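The values are calculated or read from the model by the stated rules, or taken from the named source; none is laboratory data. It should be emphasised that the depicted structure is a prediction, and the values quoted were computed from it without experimental measurement. Here the Cβ positions follow ideal geometry from the backbone for every residue, glycine too, while neighbour counts run over all protein chains shown.
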């Protein structure tokens, strides 16, 4: 699988994602500079966390109009996989590749801690390594992760099955007002995908929870699942041409 | 935001305006020199270095170089007592950061610096730029920063402005470090009335690089171009170094313009661009423009390389029009670096910095004259010898007034130890610091094995077998009561905290925060703390590789408690060999046995119990037995290394009761313990003590291991249940873990009225 990690000025989780793709899941990974106008033939494009353009104007707003994003949009339109993590989620919202918007966290403070998220569907390449209902412990680090949209749009999102991850409390309940939903996201939404299911984004950082030595491994199955799904697609393509 | 210098017309206009402003500069005389913080003899010294009267620019430059902050003039004599070498030391004090070898061809560069005065005046920007400065000190050595610690000392929470200061400092540190993407993995935070008018913000950063990738800030190669990179220069921070070398008074508020304004986004791209530039082979030397900006960076680089330099200051990129040479040389605008490139290397560097969207401008070159020749549009504005100003800056051995020895403090009669524990855990001092650490990103860069809250943070380093452990410690109350013992204790506690995660100390950096050194009582504290630290460093074999001194921390004549903050780095031989260990100072399994290491002498002088429950601070602080500390550390490392020890937690502020309570919180797992002696054993702060949890089947082996050392080891109870129970002669402390945890967890938010 060929993976590209986009580097915007101010991206700061780019090395972490690259490390997991390259050294933990042993994939062909490279960095994609924000000024390029293609995605270098990558199967998977990751928009990593960080503070692209210093979060000036609005988190993700300036990155959303950088040259590489036109190529990412093209890649997504062609059915290519796009994963947005944290700032990557914010960028995909600003670019209109995913619906909704982010507000400041409910208590207006940066939130750096572990959260629990529940996997809502596992028929996506991003979540095929998990069970539906499985609760993952993952780190978060953001000031604007309070997902919002109109009630009608949220209903539509739910009806389409586009909610992929929800924050849950210790007993596994995804209550919007509950203790598990620290940033105050509407309907406790932690991650969503597009209608087609090839663009997915979440606020927590699976790449920081993918190695035994760090004592947290719940994020690894996301990358392993992506590798598995792409390897399977590649194999079937090879089979079809021969 | 424009300097007006970007077009030919704008440039000419700017030069004309600047020339008019230069003409209006005051005539230099003794009075003006005194206003600049120099004393008579220092002004004479400057005149003899020059052989003539100094220009206004020269006076400004000298006031910065001779300031306490840059020259260490009141502390240098005593700092020489620190041991600075050792088998792992690659770079000792004198560079932008110290460096130690961490194995497999890798090194760690680290340093701690204070940003106390700016943080009191403007807490958000002061703290933020403190983080920015220390990160630049690390990456200027060629090392990529991978972790920060912050040691914070606030006043009483009800003191004027204090909640505002706490909030601003925490936000400032968080917003800066989070944006640059360097995890804040630990630190400490204390509250004491002595900081009511002068808080302390000490920021530590550590970076790693390959041994062959180290850069030093030594200007060399006659004719090599000097490049200015990073943000443009404004008027912020002018005379910051001088301000940091003065006491506070009612007029300090008026100094707000001398506090710099930080931009973490620029820092992040500057970091990436500099590390990339350093890999090209055309960077000869590099240094950030920290305190005293362009002045200290150029003078220090030239001095280390026995070189001179020439600058054409009209080329300096400006953020606002008509800065005079004086202002340019003293501005502390943030996120700027000076690079000495090899001749012909300019184009390579220009390509890199421009790609990252940063200024890169040749402003001068290295000379062999040993002099600093500064011109503005062709006119010489300063022509000074480099080496005398940097290396022959004044050094004073300040007169000291010795304080008398203290008697031991009385052991308090405590009738309700359970209530006392509840009270202690509910103070901001001993309560959870999660409210702070949750505002910091502690896991970015995906190296954090143990983050904030444990005895020491633990990091893996990609490509290195060993793990790194980091901690910062000092007990200002102990230092106030007995500075020698307090200095020893700071080093000993840091080493003990590292041992509690199985790490061997390999180096330390410090921030020596004291009051006015011209006050003989303060000078005594400074000397004694340094001597105590040096003694501990000798016995524990920990070299001092970098550090910082912050003096004149006083307001209207009242000095802060002596606060020699120690940040120590340790090595865990092979990380991840035994993943069953819990390095987080938390009980993990019922029926694990608890062993108390070390012995108790019922010491209460300067203790948390005395301060927080009795409102006193008196008597002799706990004695430090350095040999005992050394033995204890060796035993803990052997215990971890052989897989016998599961959890270890240092007994420090609040004594055994607080230490045990802290171990119960993470997993709501209580314990049942019985101690020898009366109720005094619960809160005594005798040193060289650690509580250890071992699996029942390993208890005998561990006690056997301990018996081969001189460390006193006694089984005191076991893990289990949902209560913390500590029996003693004449009674029992008994409370539900959940009740204690709630008090502890909400202590700081409650104190902040949140």
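If you check residue B:159 against the conditions, is it touching a residue at least 24 places away in the same chain (Cβ under 8 Å), assigned to a loop (DSSP other than H, G, I, E, B) and out of contact with any strand residue (DSSP E or B) (no Cβ under 8 Å at 6 or more places or on another chain)? Criteria met by residue B:159.
Only one of the numbered conditions (1) at positive phi; (2) in contact with a strand residue (DSSP E or B) (Cβ under 7 Å, 6 or more places away or on another chain) is violated by residue B:688, and that is (2).
Is it the case that the stretch B:391-402 has a residue that's touching a residue at least 12 places away in the same chain (Cβ under 8 Å), surrounded by 15 or more Cβ atoms within 10 Å (Cβ to Cβ) and in a helix (DSSP H, G or I)? No, the conditions are met nowhere in the stretch B:391-402. Of the strands (runs of 3 or more DSSP E) lying entirely inside the stretch B:562-651, those containing at least 1 residues that are touching a residue at least 60 places away in the same chain (Cβ under 8 Å) and more than 30 Å from the chain's Cα centre (by Cα) are B:593-597, B:645-650. Only a single criterion out of (1) closer than 30 Å to residue A:104 by Cα; (2) touching a strand residue (DSSP E or B) at 6+ places or on another chain (Cβ under 6 Å); (3) modelled with pLDDT of 95 or more is not satisfied by residue B:472, namely (1). The set of residues in the stretch B:321-342 being farther than 30 Å from residue A:35 by Cβ and in a loop (DSSP other than H, G, I, E, B) consists of B:321, B:322, B:323, B:324, B:331, B:332.
Pull up the stretch A:94-120, narrow it to residues that are over 13 Å from the mean Cα position of the chain (by Cα) and under 17 Å from residue A:82 (Cβ atoms), then point me to the one that is farthest from the other protein chains (Cβ to nearest Cβ). Among them, the one singled out is A:99.
Taken across the stretch A:65-73, residues that are within 17 Å of the chain's Cα centre (by Cα), under 29 Å from residue B:438 (Cα atoms), touching a residue at least 40 places away in the same chain (Cβ under 8 Å) and crowded, with 24+ Cβ neighbours inside 10 Å do not occur at all.
For the stretch B:652-668, the candidate set comprises residues that are part of a loop (DSSP other than H, G, I, E, B) and either surrounded by fewer than 21 Cβ atoms within 10 Å (Cβ to Cβ) or on the phi > 0 side of the Ramachandran plot (or both); within that set, the residue that is modelled with the highest pLDDT is B:654. Scanning the stretch B:171-208 for residues that are within 14 Å of chain A (Cβ to nearest Cβ) and either surrounded by fewer than 24 Cβ atoms within 10 Å (Cβ to Cβ) or in a strand (DSSP E or B) (or both) yields B:171, B:175, B:184, B:185, B:186, B:187, B:207, B:208.
Note on the stretch B:434-463: residues that are without any contact (Cβ under 8 Å) to a residue 24 or more places away in the chain and touching a helix residue (DSSP H, G or I) at 6+ places or on another chain (Cβ under 9 Å) total 2. Go over the candidates A:147, A:167 one by one and state the one that is touching a helix residue (DSSP H, G or I) at 6+ places or on another chain (Cβ under 7 Å) and either within 14 Å of chain B (Cβ to nearest Cβ) or closer than 18 Å to residue A:47 by Cβ (or both). Testing whether each residue is touching a helix residue (DSSP H, G or I) at 6+ places or on another chain (Cβ under 7 Å) and either within 14 Å of chain B (Cβ to nearest Cβ) or closer than 18 Å to residue A:47 by Cβ (or both) leaves just A:147.
Here is a yes/no grid of residues against (1) within 11 Å of chain A (Cβ to nearest Cβ); (2) more than 30 Å from residue B:738 (Cβ to Cβ); (3) in a loop (DSSP other than H, G, I, E, B):
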site	(1), (2), (3)
B:436	yes, no, no
B:441	yes, no, yes
B:446	yes, yes, yes
B:449	yes, no, no
B:455	no, no, yes
B:463	yes, yes, yes
B:469	no, yes, no
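Here residue A:188 fulfils each of the conditions (1) away from chain B (no Cβ under 14 Å); (2) within 17 Å of the chain's Cα centre (by Cα); (3) surrounded by fewer than 22 Cβ atoms within 10 Å (Cβ to Cβ) apart from (3). Say whether the condition of being closer than 17 Å to residue A:167 by Cα, free of Cβ contacts under 8 Å to residues at least 24 places away in the same chain and out of contact with any strand residue (DSSP E or B) (no Cβ under 8 Å at 6 or more places or on another chain) is met by at least one residue in the stretch A:125-142. No, every residue in the stretch A:125-142 fails to be closer than 17 Å to residue A:167 by Cα, free of Cβ contacts under 8 Å to residues at least 24 places away in the same chain and out of contact with any strand residue (DSSP E or B) (no Cβ under 8 Å at 6 or more places or on another chain). Within the stretch B:735-754, can you find the residues that are surrounded by 15 or more Cβ atoms within 10 Å (Cβ to Cβ) and in contact with a helix residue (DSSP H, G or I) (Cβ under 6 Å, 6 or more places away or on another chain)? Hits for the stretch B:735-754 are B:735, B:737, B:740, B:741, B:743, B:744, B:748, B:752. Of all the residues in the stretch A:26-48, those that are under 18 Å from residue B:462 (Cβ atoms) and within 14 Å of chain B (Cβ to nearest Cβ) number 2.
A single entry from B:481, B:498 fulfils the requirement of being out of contact with any helix residue (DSSP H, G or I) (no Cβ under 7 Å at 6 or more places or on another chain), surrounded by fewer than 24 Cβ atoms within 10 Å (Cβ to Cβ) and more than 14 Å from chain A (Cβ to nearest Cβ): B:481. Over 30 Å from residue B:637 (Cβ atoms), free of Cβ contacts under 8 Å to residues at least 60 places away in the same chain and more than 14 Å from every other protein chain (Cβ to nearest Cβ): does that describe residue B:431? In short, no. Among residues of the stretch B:20-40 that are within 14 Å of residue B:57 (Cα to Cα), those with a Cβ under 8 angstrom from a residue that is part of a loop (DSSP other than H, G, I, E, B), sequence gap 6+ or separate chain, pair up as B:21/B:322; B:21/B:324; B:22/B:324; B:25/B:324; B:28/B:53; B:28/B:54; B:28/B:55; B:32/B:26. Residue A:102 fulfils the conditions (1) farther than 25 Å from residue B:448 by Cα; (2) part of a loop (DSSP other than H, G, I, E, B) except for a single criterion, (2).
Based on what the data block shows, is residue A:57 modelled with pLDDT under 95 and assigned to a loop (DSSP other than H, G, I, E, B)? So residue A:57 fits the description; yes. Condition test on residue A:215, is it crowded, with 16+ Cβ neighbours inside 10 Å and free of Cβ contacts under 8 Å to residues at least 40 places away in the same chain? For residue A:215, the condition - crowded, with 16+ Cβ neighbours inside 10 Å and free of Cβ contacts under 8 Å to residues at least 40 places away in the same chain - is met. Only a single item in (1) in contact (Cβ under 8 Å) with a residue 40 or more places away in the chain; (2) surrounded by fewer than 23 Cβ atoms within 10 Å (Cβ to Cβ) is not met by residue A:40, and it is number (1). May I ask you to verify whether residue A:9 is within 20 Å of residue B:176 (Cα to Cα), buried (at least 23 other Cβ atoms within 10 Å of the Cβ) and in contact with a strand residue (DSSP E or B) (Cβ under 7 Å, 6 or more places away or on another chain)? No; evaluated as a whole, the condition is false for this residue. Out of B:296, B:247, one residue alone is surrounded by 23 or more Cβ atoms within 10 Å (Cβ to Cβ), farther than 15 Å from residue B:335 by Cβ and at pLDDT below 95. It is B:296.
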